[in-house]
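One structure below.
Readers should treat all values here as calculations from the given coordinates under stated rules, not as data from a laboratory. Every value quoted in this text rests on a predicted model; they were computed, and no experiment measured them. Every residue, glycine as well, gets a Cβ built from its backbone with ideal geometry; the counts of neighbours run over all protein chains shown.
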Amino acid sequence: MKFAIAVFSPAHAPSSRRALRFAEAALAGGHEITRLFFYQDGVHSASANVVAPQDEQDVAAQWRSFVSHHQLDAVVCIAAALRRGVLDEAEANRYQRPAVNLPKPWELSGLGQLHEAAQVADRLVCFGGD
Amino acid sequence: MASSLLIISRQAPWNGPSAREALDIALAGGAFDLPLGMLFLDDGVFQLASGQQPALLQQKNLAANLQALPMFGVEELFACAHSLQQRGLDGSTLELPVQVLDDAALRALIARFDQVVTL
């Protein structure tokens, strides 16, 4: 089955961790993830600046390595990210901000990517939300 | 055929960017001419209340953006009767032309759409 997975919560929220475990299980079960889409506070799950306490799971780092390892299409909503200070190099330069916290493998793009993912996938599974 | 998406908006307009971000999903999908519906549930029905003065909270007015939904082709608009009643809102004086649905109709609505996003 083709899954699109949307994440609406930051790395410290249980739902971000559950989304990651679901994504891992989907691939392990032979399914396909057509796209990961990070929206609302979910953009923080993609931030490279998260520092988890040593005795806790570093879910942001786990997301990063999961996406890189499986070469997944991982889109962070640009409007939601700008609002929350999650910037790639181009946006940090554009708005003259001092830090970049969204290096590869993430891609900043628009909400059209969420709709496209929902069209292509058999299931859109959302985690987080209010 | 394009798969249909129901967006369930559950946050009051003054409760951070959530209501606006739910609306943005609908408007973006409308721009692509996708089959969309939007359901206002729980505190999300406060988005439909008339006579709001968000400027007093130094906030932008969401109502103007909500009015754009039909223009973007999003005409399937719904509100939960129970949520309205709990919050003392009258379904006949809302800012948008929504269909007010009881719990059984809500179940049928959610079942009718291919995909559902709740924010």
key: Per-selection Kirkwood Rh - segment B:4-119 (Cα, Å, 1 d.p.)   = 14.1 Å
task = Using only Cα atoms, locate the centre of segment A:1-18 and the centre of segment A:63-85, then give the distance between them in Å, rounded to an integer.
result = 11 Å
message = Under 5 Å between amide hydrogens, which residues at least 5 positions from B:ALA79 or on another chain qualify, with H placed 1.01 Å from N in the peptide plane?
response = B:PHE40, B:GLN99, B:VAL100, B:LEU101
Nonlocal amide H pairs with A:VAL7, under 5 Å, H built at 1.01 Å = A:PHE37, A:PHE38, A:TYR39, A:PHE127
message = What does the structure give for A:108-115 when I average, per residue, the other chain Cβ atoms found within 10 Å of the residue Cβ?
response = 4
task = For A:PHE22 paired with A:ARG123, estimate the spin-label separation in nm (one decimal), with each label point 7 Å from Cα along the Cα-to-Cβ line.
result = 0.8 nm
request  = Enumerate the calculated ³J(HN,Hα) couplings along segment A:84-99 in order (Karplus 6.51 cos²θ - 1.76 cosθ + 1.60, θ = phi - 60°), each rounded to whole Hz, writing x wherever the residue is Gly or Pro.
outcome  = 10, x, 9, 10, 8, 4, 4, 6, 4, 5, 4, 9, 6, 9, x, 9
ask   = Counting Lys and Arg as +1 and Asp and Glu as -1, what is the net charge of the other residues whose Cβ lies under 15 Å from the Cβ of B:GLN67?
value = -1
note = Residues whose modelled amide H sits under 5 Å from the amide H of A:THR34, counting only those 5 or more places away in sequence or on another chain, are A:PHE3, A:ALA4
request  = Quote the charge dipole size of segment A:2-127 about the Cα centre in Debye, to the nearest 20; the model charges only the Cβ of Lys and Arg (+1) and of Asp and Glu (-1).
outcome  = 180 debye
ask   = Short version: ³J(HN,Hα) in whole Hz for each residue of segment A:26-40, in order, from phi by Karplus 6.51 cos²θ - 1.76 cosθ + 1.60 (θ = phi - 60°), x for Gly and Pro, what are they?
value = 4, 5, 4, x, x, 8, 10, 9, 7, 6, 9, 10, 9, 9, 6
task = Tabulate in residue order the Karplus-calculated ³J(HN,Hα) for segment B:42-54, using 6.51 cos²θ - 1.76 cosθ + 1.60 with θ = phi - 60°, rounded to whole Hz; enter x for Gly and Pro.
result = 6, 5, x, 5, 4, 4, 8, 5, 7, x, 7, 10, x
task = Quantify how strongly other chains surround peptide B:17-23 by giving the mean number of their Cβ atoms within 10 Å of each of its Cβ atoms.
result = 4
request  = Stick to Cα atoms and the Kirkwood definition of Rh, then tell me Rg/Rh for chain A.
outcome  = 0.95
